[in-house]
Amino acid sequence: MKPSEIKFGNIYKSTLSSDEDVYAYVRGIEGGKVGFSVLDEATRSPDFTNCGVFWVREKDFTKVFSTYR
């Protein structure tokens, strides 16, 4: 995935090998950085009540996550 393919509101799945799937919901893209929240499950209506926003460079985001939907 290229940084230009990252879209606000999309859910991305972790490409790191682990026992459980980890998803990221993109909440913002500003100045070459991606703001995302980590989700336990992919859902169309994420609950952000207790979620923080993590900010990473776009190229670092694409190393960890790939397009899910």
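Data overview
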{"read-out": "Candidate set: segment 29-52, residues that are surrounded by fewer than 13 Cβ atoms within 10 Å (Cβ to Cβ) and modelled with pLDDT of 80 or more; chosen: the one nearest to Met1 (Cα to Cα)", "value": "Gly32"}
{"read-out": "Filtered residue count, segment 1-28, keeping only those that are touching a Leu at 6+ places or on another chain (Cβ under 9 Å) and open to solvent by 30 Å² or more (accessible area, probe 1.4 Å)", "value": "2"}
{"read-out": "Extreme residue, surrounded by the fewest Cβ atoms within 10 Å (Cβ to Cβ), among residues of segment 53-69 that are under 15 Å from Asn10 (Cβ atoms) and in contact with a helix residue (DSSP H, G or I) (Cβ under 8 Å, 6 or more places away or on another chain)", "value": "Thr67"}
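The values are calculated or read from the model by the stated rules, or taken from the named source; none is laboratory data. Source: prediction; values computed, not measured. FYI the Cβ positions are ideal-geometry reconstructions off the backbone, even for glycines, and counts take in every protein chain you see. Each accessible area value is taken on the protein alone, full model and side chains, heavy atoms only, with ligands, DNA and RNA left out. Shrake-Rupley method; radii C 1.70, N 1.55, O 1.52, S 1.80 Å.
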